[in-house]
Amino acid sequence: MARKATERRKILVVDDDEKILFAFAQVFSQEGHRCITAKSGEEALGIVASEKPDVIFMDIAMPGLSGLETLQRIKARNVPAPVIMITGYGTMQTAIKAIQFGAFDYLTKPLDVEKIREEVRKALPDRSHNASSYEAHSRFKADVIDRYELIGSTPAMQEIYKLIGSVAMTPNHSSVLITGESGTGKELVARAIHDSGPAASEPFIAINCTALPEALLESELFGHEKGAFTGAVERKLGKFEIAGRGTIFLDEIGTLPPPLQQKLLRVLQERECERVGGNEPFHIDARFVAATNVDLEAEVNKKRFREDLFFRLHVVAIHLPPLRERRDDIPLLAGYFLKKYAERIKKPITGFSDETMHLLLQYSYPGNIRQLENIVERAVIFSKGDIILPENLQEKVSANASGSKTLPIVSSVFSESRDHVLEMFEKQFVIEQLRKHRGSVTAAAKESKMTRQNFQRLMKKYKIKSEQFR
Ligand SMILES: Nc1ncnc2c1ncn2[C@@H]1O[C@H](COP(=O)(O)OP(=O)(O)OP(=O)(O)O)[C@@H](O)[C@H]1O
Ligand SMILES: [Mg+2]
């Protein structure tokens, strides 16, 4: 007899929100699965032992045992069921940690039925494979990675955090190519990959391929033997050798001169190279992470960059979107930089005026996050009060603002267009108030002359968490 298309499975859903539990139970029972629910991590651990579910969906933010802690305990018991973590507001650390602790996937709310169904399809057919993949995962401890924290909660950034988490798990010989415009955070991503991997305590060696003339670059990378050339008075180890099992970050790889491209290709293929003037090869264990802000594929087409090297480098590709394509992250980033510089120069600045934030939100940022950081740093220096005003911004930020005061019309259907603008306004308003009141919902609601409930309803609608502003 042919197997049924969907096998009846046991699915455990863990969430402190009963509405979510109910919604999941509806979806799964329609699909013919059996849905078991747990309202806390503690309860889930009991059910995992007694019921042996086939797949687990679990919220991250729960009172008591958090989702991540519960995940760790589940994994420590070698439970083979794939675990899918869910969060309303994801930071880089939670996303990376979830994947590192062995989560099968990491989803951000709002969830729709299709997304949940697809996740079950992805998680269930190949269970034996999953079981081995988290054995590999659980080898790594996820240390807190905040030195080079990436800020951003838009879906585009969530995808990047997931990629970082999974790249850190792949063996060192899978190279990573990071692309994106200048100032989008390529170096930061390279460091996050290093810091979240198992060799975080090994060296992270950054090499800028444009910084040195070809001859020097070669000995810089490969090292040289004593007497290899005039001036080589003793043996010098190259960066590739010093990196050990760590990470070699090749910045602006697009500018690597052709002879070195060929040598690098050999290194990637053979994992071995010689010092300049030597013939005793040494082994290379480090991971190569390359970055470029030029379109490397176009360079390949113009025969300026070797195609074979291009393919070797981008075993894993991470593309960072320009800031103007993820404007929703601007308030978060601007707030982060404001805090950083206000603390550094000890000014009691608490936030941006509405008009200032409006200007920051509509600017195009050709220099991306680096430019936003500079704009905020400068504004902090020039600010005289406790709030950043439009006149503290560089002229170019406010220059074309009057022209862009027209509201966006996104649809020719009146109600759709109105709703879009209204949502922009509601979201911005709530963010502004919460920032001003440092995350106190009570104070923010009070000043807005709204009930706390209504204020919270808006926060929920736009997935805004008060913790972001504390
Ligand atoms: N997501 C982010 N969160 C916080 N800071 C960020 C983020 N992305 C970038 N930055 C900051 O912006 C600046 C530029 O980042 P980075 O040097 O990584 O960019 P890049 O892509 O390597 O740029 P370039 O191509 O010009 O070398 C740094 O100061 C970095 O800390
Ligand atoms: Mg850079």
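Yes/no per residue for (1) in a helix (DSSP H, G or I); (2) away from ligand 2 (no atom under 16 Å from the Cβ):
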| residue | (1), (2) |
| --- | --- |
| 163 | yes, yes |
| 187 | yes, no |
| 190 | yes, no |
| 205 | no, no |
| 226 | no, yes |
| 249 | no, no |
For this session: Please state which one of 17, 59, 54 is touching a His at 6+ places or on another chain (Cβ under 9 Å) and either crowded, with 16+ Cβ neighbours inside 10 Å or within 17 Å of residue 112 (Cβ to Cβ) (or both).
Result: 54
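Matching residues to (1) of a type in the set (Lys, Arg); (2) over 18 Å from residue 330 (Cα atoms); (3) surrounded by 12 or more Cβ atoms within 10 Å (Cβ to Cβ):
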| site | (1), (2), (3) |
| --- | --- |
| 365 | no, no, yes |
| 380 | no, no, yes |
| 399 | no, yes, yes |
| 413 | no, yes, no |
| 426 | no, no, yes |
| 438 | yes, no, yes |
For this session: Evaluate the range 23-42: report whether one residue or more is more than 30 Å from residue 192 (Cα to Cα), among the basic types (Lys, Arg) and modelled with pLDDT of 90 or more.
Result: yes
Problem set entry | Selection count where residues are more than 22 Å from residue 97 (Cβ to Cβ), within 11 Å of ligand 1 (Cβ to nearest atom) and free of Cβ contacts under 8 Å to residues at least 60 places away in the same chain, scope the range 179-212 | 3
Exercise. Do you know which residues across the range 109-119 are touching a residue at least 60 places away in the same chain (Cβ under 8 Å), out of contact with any strand residue (DSSP E or B) (no Cβ under 6 Å at 6 or more places or on another chain) and either surrounded by 12 or more Cβ atoms within 10 Å (Cβ to Cβ) or assigned to a helix (DSSP H, G or I) (or both)?
Worked result: 109, 113, 116, 117
For this session: Select from the range 95-108 the residues that are without any contact (Cβ under 8 Å) to a residue 60 or more places away in the chain and farther than 25 Å from residue 23 by Cα and list them in ascending order.
Result: 101, 102
For this session: Considering only the range 251-265, state which residues are under 26 Å from the mean Cα position of the chain (by Cα) and either part of a helix (DSSP H, G or I) or without any contact (Cβ under 8 Å) to a residue 60 or more places away in the chain (or both).
Result: 252, 253, 254
For this session: Would you be able to tell me the number of residues in the range 363-377 that are among the small types (Gly, Ala, Ser) and within 13 Å of ligand 2 (Cβ to nearest atom)?
Result: 1
Exercise. Listed residues 220, 234; which is assigned to a helix (DSSP H, G or I) and either away from ligand 1 (no atom under 16 Å from the Cβ) or free of Cβ contacts under 8 Å to residues at least 12 places away in the same chain (or both)?
Worked result: 220
For this session: Can you tell me which residue within the range 221-264, out of those that are in contact with a Lys or Arg (Cβ under 6 Å, 6 or more places away or on another chain) and closer than 30 Å to residue 294 by Cβ, is surrounded by the fewest Cβ atoms within 10 Å (Cβ to Cβ)?
Result: 261
Seminar exercise, completed: In the set 28, 22, the lone residue that is closer than 20 Å to residue 117 by Cα and in contact with a Cys (Cβ under 9 Å, 6 or more places away or on another chain) is 28
Problem set entry | residue 99 being β-branched (Val, Ile, Thr) and modelled with pLDDT under 90 | yes
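The values are calculated or read from the model by the stated rules, or taken from the named source; none is laboratory data. Just so it is clear, the structure is predicted and the values come from calculations on it, not from any experiment. Glycine also receives a Cβ, built like all others from the backbone with ideal geometry; neighbour counts cover every protein chain displayed.
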